[in-house]
Amino acid sequence: MMNAAKAGASSWKSDMTLALLAMLVALAVNATTGFRELSNAGGDNDSLLRLVEVRDMLAGQGWFDLHQYRMGPEGGFVMHWSRLIDAPLAAIILVASALTGSMAMAEAIAQVLWPALLFFLAVFFLARAARSFAGAGAVLPAIVIGAAALHFIGIFLPGALDHHNVQLTLTMASLSLLLEAPTHRWAALFSGLCAALTLAVGMETAPYVATIGACIALLFVADPGGEHPIARDFGLGFAGVSAFVFVTTIPPSAWGQAQCDAFSAVQFVVAAIAGLGLAAVTSLRASNGTAGRRLISLGLLALVLGAVVVALFPQCLAAPYANLDPRLKELWLDHIDEAQSLFHIAVSDPASVAARYVTPLVAIALMALRLRGPWRRQDSLVGALLAAAFIVSAWQVRGSTFSIAFAVIPLSAWIATWRERASISPSRSVSLRMAVVWLVSVNAVWAGAAAATSSAFEADKVSAEAKDADPACTRKASFATLAGLPDTTVLAISNLGSPILAYSGHRVFAGPYHRNIAGDLLALDAFLGSADQAKAIVAQHHVGLVALCRGSAETKVLAAKAPQGFLAQLMQGGVPDWLEPVAETRGNPVELYRVR
């Protein structure tokens, strides 16, 4: 018993060391570019607005006040993001500013340190999951292909303050801890904690949390003796942390309000019923005496959950963007790459399919082959989450972030098998096959092939552009002149909204956020209407500047939608008499026009 405990502690230390080395390598790679993401967000509007949100909180905006006052119509709008991300970022900035004496330096440190820490944790839990799934031989492959996969999907790069990296890390932690739960009693409780936190951070992970919960319930039905304490502790951890998040992040005045896109009474009630119900079913003899009783009891729990949602929160059964204005769906949502389906991507950008879907498909095939042998609880957990993530990715490409990460676990087991074969019976044939297995399993290989294919088709287009050009207006330097002008309201397209807030003190109408319907429609009315209509909106809302980014895809879409509209005419040089160009921005990525 003592030797097993020592071996477990030793494996944790070795896995942590390898994950730390992977993080340092990733940091070194990013350092060679000068952490360029800090000066060029590359269109990552969410990370920029998250930084603005943290700044606002540090400047005195209330913990429960999630308004973004500088975006939207007068008074702003309420964001749906969680303070659970703002808090650690603010803590890092406060400590770093105290040590350096510079708020700008502190923000840069937070933008580098936060994603790096999350990368370390994600790789660590990925290694632990691979060890539980396929033994110690799978750890090194998991570190190598896992670190490469997580690095190239981009959500752990410097400047990535968006919540998706937190969600992936917490979901991977929940899976890893569940895989270890049979040998570590405390693991199930912490797995439930991680599942509740990832749901509290954002609703995107609801399918994975639901999958984990369903797996735990079915495993308990099949093996009540071994799974009883695991299911009970998971349920208690899930319900307990959900209650804690509800009390600490939602003001008492809003406890009765239902928000389908953020943690609120809906998610708390469902989590409490599901978690406590699971703990009760697994603990009461009357409900778990036989397999039939267990199945019936869990089925009744599912019916109660469904009835509660239908009776109390029917609005949350609609599609996520069901209430979005048709114009915003046509001119905004339908042009967001990560919101497109697999079919759309296959038609519009077939090369990227390789980067997003090949390794998950290979991993699914490997899991299917395991059906020929004895099926294990590890196979159920990993296979179910991988399948769920792939289904989500087929619906919206953003789900591939999770499917690529989950795919690392069976792929690392596959590599470990061939490494063992090569050590037992070394030969040129076995070594060659092992090399192929490595190459197939590294998602970066497929991503690189996809990028090379795309570059080959766009070679002429790329060579025609200057290397230092910023056609999409994503670099901080492109907003320098704007930042130096007196603060006012700027009329700009939605993709310029977050950069303007992050790089200056101005406010804007539009931003790519589904709750900012009024502000986005106001900008559309101005840009798609005539110059006189735009003038009326500018006068009514005290707009001082108009910003134009000619190279933005959004600008081109809007200009094509209304060729005679204000934006299209401005692109063609038709400046109305109520505007005057800001001379120093002529020819720059962001051109400015001052309202007379």
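Restricting Leu89, Leu99, Leu94, Leu66 to residues that are open to solvent by 40 Å² or more (accessible area, probe 1.4 Å), in contact (Cβ under 8 Å) with a residue 12 or more places away in the chain and either aliphatic (A, V, I, L, M) or within 23 Å of Gln267 (Cα to Cα) (or both) narrows the list to Leu94.
Suppose we keep only residues that are open to solvent by less than 10 Å² (accessible area, probe 1.4 Å) and under 21 Å from the mean Cα position of the chain (by Cα) within segment 122-141. Which one would you say is nearest to Leu175 (Cα to Cα)? Across segment 122-141, the extreme among qualifying residues is Ala129. The set of residues in segment 491-537 that are among the β-branched types (Val, Ile, Thr) and surrounded by fewer than 21 Cβ atoms within 10 Å (Cβ to Cβ) comprises Ile517, Ile537. Ala449: modelled with pLDDT under 90 and either part of a helix (DSSP H, G or I) or at positive phi (or both), yes or no? Judged against the criteria, Ala449 is a match. Of everything listed in (1) more than 23 Å from Val166 (Cβ to Cβ); (2) in contact with a helix residue (DSSP H, G or I) (Cβ under 7 Å, 6 or more places away or on another chain); (3) touching a residue at least 40 places away in the same chain (Cβ under 8 Å); (4) open to solvent by 20 Å² or more (accessible area, probe 1.4 Å), the single unmet condition for Gly213 is (1). Residues in segment 541-568 that are open to solvent by 60 Å² or more (accessible area, probe 1.4 Å) and either on the phi < 0 side of the Ramachandran plot or more than 38 Å from the chain's Cα centre (by Cα) (or both): Arg550, Ala553, Lys556, Ala560, Lys561, Pro563, Gln564. Taking segment 32-41 as the range and being out of contact with any helix residue (DSSP H, G or I) (no Cβ under 9 Å at 6 or more places or on another chain) and not β-branched (Val, Ile, Thr) as the test, only Gly34 passes.
Residues that are polar (S, T, N, Q) and either within 11 Å of Arg356 (Cα to Cα) or surrounded by fewer than 19 Cβ atoms within 10 Å (Cβ to Cβ) (or both) within segment 429-454 comprise Ser429, Ser431, Asn443, Thr453, Ser454, listed in sequence order. Scanning segment 390-409 for residues that are aromatic (Phe, Trp, Tyr) and within 15 Å of Pro320 (Cα to Cα) turns up just one, Trp395. Being closer than 30 Å to Ala547 by Cα, at pLDDT 90 or above and among the small types (Gly, Ala, Ser), is that true of even one residue in segment 395-402? Within segment 395-402 (the criterion being closer than 30 Å to Ala547 by Cα, at pLDDT 90 or above and among the small types (Gly, Ala, Ser)), the answer is no, since none of the residues qualifies. Of the helices (runs of 4 or more DSSP H) lying entirely inside segment 269-388, those containing at least 1 residues that are under 21 Å from the mean Cα position of the chain (by Cα) and under 27 Å from Thr171 (Cα atoms) are 342-348, 350-369. Taking the numbered list (1) at negative phi; (2) surrounded by fewer than 22 Cβ atoms within 10 Å (Cβ to Cβ); (3) assigned to a loop (DSSP other than H, G, I, E, B); (4) not acidic (Asp, Glu) in turn, Phe156 passes all entries but (2). Mind checking which residues of segment 64-94 are in a loop (DSSP other than H, G, I, E, B) and closer than 21 Å to Gln167 by Cβ? Across segment 64-94, the qualifying residues are Leu66, Met79, His80, Trp81, Ser82. Of the residues making up segment 25-37, those that are out of contact with any His (no Cβ under 8 Å at 6 or more places or on another chain), surrounded by fewer than 16 Cβ atoms within 10 Å (Cβ to Cβ) and within 30 Å of Ser498 (Cα to Cα) are Ala28, Ala31, Thr32, Thr33, Gly34, Arg36. Return yes when Glu204 is within 10 Å of the chain's Cα centre (by Cα), surrounded by fewer than 24 Cβ atoms within 10 Å (Cβ to Cβ) and touching a residue at least 40 places away in the same chain (Cβ under 8 Å) and no when it is not. It is true that Glu204 is within 10 Å of the chain's Cα centre (by Cα), surrounded by fewer than 24 Cβ atoms within 10 Å (Cβ to Cβ) and touching a residue at least 40 places away in the same chain (Cβ under 8 Å). Exactly one residue among Arg376, Arg370 is closer than 18 Å to Ile212 by Cβ, in contact with a Lys or Arg (Cβ under 9 Å, 6 or more places away or on another chain) and modelled with pLDDT under 95, and that residue is Arg376.
The values are calculated or read from the model by the stated rules, or taken from the named source; none is laboratory data. As the structure is a computational prediction, the values presented were derived from the model and not from experiment. FYI the Cβ positions are ideal-geometry reconstructions off the backbone, even for glycines, and counts take in every protein chain you see. Heads up: the accessible areas ignore ligands, DNA and RNA and are worked out on the full protein's heavy atoms, side chains in. Shrake-Rupley method; radii C 1.70, N 1.55, O 1.52, S 1.80 Å.
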